[in-house]
């Protein structure tokens with residue numbers, strides 16, 4: 001599956017959003033938005049408290065690293081969150097994302113997810129996986145809107161969600 005990584009575009013454009021390579025220019029707003037307990041509580045790989053050092057590390061070492069292809073989600077040039085694919089050998093790529101709380105409920109996550117799903121399909125992915133806390137109905141709804149189906153509950157095994165119940169989801173192309 002790593003072969004799809006090299007085929008994913010650097011930038012995606014939707015009606016309202018631009019999904020671009022995360023840059024150091026995004027770090028100040030990233031740190032403000034990500035330093036939120038509600039966001040931290042729903043994500044398995046986001047530290048809290050979150051500061052600009054975490055943002056710089058994400059941009060410089062993780063966002064386009066060997067196992068990630070992340071995009072900064074921009075609304076009229078303003079950073080509002082991140083969406084990406086976690087790509088591990090012998091596993092389906094996993095769609096993950098977060099939006100700053102002021103941007104929840106406006107359809108931005110769904111719009112960005114449609115673009116990333118289409119890019120993954122064009123790059124040769126045959127399916128995607130994702131997961132969300134059972135209690136995170138908003139995220140589960142976003143994933144359903146772009147075609148994911150719920151395939152079963154599980155206990156998250158790693159990260160800050162270790163031990164918590166999640167819904168595993170899958171999208172077949």
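Laboratory data are not the source of any read-out in this text; all were calculated from the coordinates shown. The structure presented is a predicted model; accordingly, all values stated were derived computationally and were not measured. Heads up, the Cβs are rebuilt from the backbone with ideal geometry, glycines too, and the neighbour counts pull from every protein chain shown.
Things to note:
- Relative contact order of the stretch 77-130, taken over Cα pairs closer than 8 Å and 6 or more residues apart, is 38 percent.
- FRET efficiency for residue 56 and residue 162, using Cβ-Cβ distance with R0 set to 30 Å, rounded to 0.05: 0.70
- Sorted from greatest to least, the principal axis extents spanned by the alpha carbons of the chain come out as 37, 35, 30 Å.
- Mean Cα-pair separation over length for the chain, i.e. relative contact order, pairs under 8 Å, 6 or more apart, %: 22 percent
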